[in-house]
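One structure below.
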Amino acid sequence: MGKPLDGVKVVELATYVAAPVVGRMLRDLGAEVVKIEGRGGDAWRMTAMGMTGTGDDENPAFDIFNAGKKSICLNLKAEQGKEVFFKLLEQADVLVTNTRHQSLVKLGVDYDSLKDRFPRLIYATLTGYGYEGPDCDAPGFDNVAFWSRPGILADLMIDAPGNYPMNTRGAMGDVTSGSILFGGVMTALYQRERTGRGDLVTMSLYNAGIWVSGGCLMMAEKPYSYPFPAPRFGNSNPMNLPYRCADGQWMRCTVFEYERYADKLFNALGIAGEIAALGITDMNSLMAGSEQAGPLLERAFAAKTVDEWIGIFKALDIVCGRLSHFADVFEDEQALANGYVQSYHCLNGARRMITTAPVRLGSQGALAVGEPFAPGQHGEEILRGLGYSEEETAEMKASGALY
């Protein structure tokens, strides 16, 4: 059986992470994705190499968002370069870009300039802050637009002497935003099957940050005015907090159904009598008495190791887990069994592990990771497919339209 998006063609005019995530997911589902890079390639290539301390032939931090695509390095300011771009769009189903709107307008490739010329094209854009408002043209990266402005960093920080906001890493906000935009692109493709027309699909980093923070925003809204950052114990559910265990590792249980699980948990921890002595009989009284109950759980968890507690709680069907480290995932049998991470090879042949697209279809299983590529590696192949001769390709190189 072929892949669901076999035959779908995508043009990616994008740099860094958020928009390329869309291309990576579409490609893994079978689409052909042509990535247009500038001179020297996507700026993320260099940033990504700094994350791993490797050269351009071993760049998994770039490959994770781009593997499997085809690359051509075009100068869209040159007439011939723009001509190639338009020829690609003639065959394309989807255009994905995070180029700033004013730059797209200047090049004449914004949505309004293209929608009539390519009426079936799905035009997907990822911006920092959206198309309206005072910051619609402002540049944005996820650490500011996704993490900072929606309140995540400030309100989830324990603001105490010596503490500081988390230094967000790994483009998690970008990946979240791109994954949401991917869903929008798929919706637009489905709509086109019914109407025959393309559409503009857009997403912003700020919008994604607000969306994932929706529960917290609601709690902070008047009249609820929940205080952030929340105190460790203080009108909270102490059965839903991390605790340090005897081996120095942290773990967390999550119990929301008091009547079903609380007695099991308190008996396993050996504190049922002390909890009862506090007059705690339901979730309301537990939360009201959390400043007294919390330290009881804290002391009890410290008596056994994480592995010991996990064995006990799993037998009681209580949701629990250790606070793992990123590096632990590559040896996690659950991640490996489901293909959430896969082995792949870098350009230099080095074998590394890479995360897979989080989409599963029964007919497909885990989606295979594609091949890494150098900047412009597929340029001549792409031009041949568009009908350009070797002489025309050489002329474009000489004129600076093709890097």
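Looking across segment 119-162 at every residue that is among the β-branched types (Val, Ile, Thr) and assigned to a helix (DSSP H, G or I), the one that is farthest from PHE233 (Cα to Cα) is identified as VAL144.
Identify all residues within segment 264-277 that are exposed (fewer than 15 other Cβ atoms within 10 Å of the Cβ) and touching a residue at least 12 places away in the same chain (Cβ under 8 Å); write none if there are none. Walk me through it before giving the result.
Taking segment 264-277 and keeping what is exposed (fewer than 15 other Cβ atoms within 10 Å of the Cβ), we get 267, 270, 273, 276-277.
Across segment 264-277, the qualifying residue is only GLY270.
Among the conditions (1) farther than 30 Å from ARG252 by Cβ; (2) surrounded by 11 or more Cβ atoms within 10 Å (Cβ to Cβ), the only one that ARG322 does not satisfy is (1).
Which of the residues spanning segment 221-248 are in contact with a Phe, Trp or Tyr (Cβ under 6 Å, 6 or more places away or on another chain) and of a type outside the set (D, E, K, R)? Talk me through it step by step, then tell me what you get.
If we filter segment 221-248 for residues that are in contact with a Phe, Trp or Tyr (Cβ under 6 Å, 6 or more places away or on another chain), which is where we start, we get 242-245.
Hits for segment 221-248 are PRO242, TYR243, CYS245.
Of the residues making up segment 283-319, those that are within 14 Å of PRO242 (Cβ to Cβ) and part of a loop (DSSP other than H, G, I, E, B) are ALA302, VAL319. In this structure, ASN237 does not qualify as of a type outside the set (Phe, Trp, Tyr), closer than 30 Å to LEU114 by Cβ and surrounded by 14 or more Cβ atoms within 10 Å (Cβ to Cβ).
Which one of ALA145, ALA138, ALA92 is closer than 20 Å to TYR16 by Cα and more than 20 Å from the chain's Cα centre (by Cα)? Full working, then the answer.
On the way: ALA145 fails: more than 20 Å from the chain's Cα centre (by Cα); ALA92 fails: closer than 20 Å to TYR16 by Cα.
Among ALA145, ALA138, ALA92, only ALA138 is closer than 20 Å to TYR16 by Cα and more than 20 Å from the chain's Cα centre (by Cα).
Every test in (1) loosely packed, with under 14 Cβ neighbours inside 10 Å; (2) assigned to a loop (DSSP other than H, G, I, E, B) is passed by ILE280 save one, and that test is (1). Based on what the data block shows, is LYS35 within 14 Å of LEU95 (Cα to Cα) and either without any contact (Cβ under 8 Å) to a residue 60 or more places away in the chain or among the charged types (D, E, K, R) (or both)? Judged against the criteria, LYS35 is a match. If you check ALA327, ALA398, ALA315 for being surrounded by fewer than 16 Cβ atoms within 10 Å (Cβ to Cβ), of a type in the set (A, V, I, L, M), within 23 Å of ASP42 (Cα to Cα) and modelled with pLDDT of 95 or more, only one passes: ALA398.
Filtering segment 13-30 to residues that are surrounded by fewer than 24 Cβ atoms within 10 Å (Cβ to Cβ) and among the charged types (D, E, K, R) leaves only ASP28.
Given PHE86, PHE65, which one is within 20 Å of GLU371 (Cα to Cα) and of a type outside the set (D, E, K, R)? First the steps, then the outcome.
Numbers: PHE86 fails: within 20 Å of GLU371 (Cα to Cα).
Step by step, each of PHE86, PHE65 is checked, and only PHE65 is within 20 Å of GLU371 (Cα to Cα) and of a type outside the set (D, E, K, R).
Among LYS77, LYS106, LYS115, which is the only one that is of a type in the set (Lys, Arg) and closer than 30 Å to THR195 by Cβ? Checking each option against the conditions leaves just LYS115. Test GLY289 against the stated conditions and say whether it is surrounded by 13 or more Cβ atoms within 10 Å (Cβ to Cβ), without any contact (Cβ under 8 Å) to a residue 40 or more places away in the chain, under 30 Å from GLY151 (Cβ atoms) and not assigned by TED's automatic domain parsing to the domain that holds ALA368. Here the answer is yes, as GLY289 does meet what is asked.
All told, ALA337 falls short of being of a type in the set (Gly, Ala, Ser) and over 22 Å from the mean Cα position of the chain (by Cα).
Figure legend. Inter-residue proximity from segment 386-398: first residues on the phi > 0 side of the Ramachandran plot, second residues of a type outside the set (A, V, I, L, M, F, W, C), beta-carbon distance below 9 Å, spacing 6+ or different chains. Indicated pairs: GLY387/LYS87. Restricting attention to segment 223-260, the residues that are charged (D, E, K, R) and either in the same structural domain as ILE158 (by TED's automatic domain parsing) or modelled with pLDDT under 95 (or both) add up to 1. Quick check: is even one residue across segment 101-123 buried (at least 23 other Cβ atoms within 10 Å of the Cβ), closer than 21 Å to ILE210 by Cα and assigned by TED's automatic domain parsing to the domain that holds ARG384? No: zero hits. Can you find even one residue in segment 189-200 that is hydroxyl-bearing (Ser, Thr, Tyr), crowded, with 19+ Cβ neighbours inside 10 Å and farther than 18 Å from ASP155 by Cβ? No, that holds for no residue. The C-beta contact set for segment 7-24 (first residue on the phi > 0 side of the Ramachandran plot, second residue not in a helix (DSSP H, G or I), distance under 8 angstrom, 6+ apart or interchain) comprises GLY7/GLY30; TYR16/ASP42; TYR16/ASN98; TYR16/PHE141; TYR16/ALA171.
The values are calculated or read from the model by the stated rules, or taken from the named source; none is laboratory data. Fair warning: this is a prediction, and the values are worked out from it, not measured in the lab. When we count neighbours, we look across all protein chains shown, and the Cβ atoms used for this are built from the backbone with ideal geometry, even at glycine.
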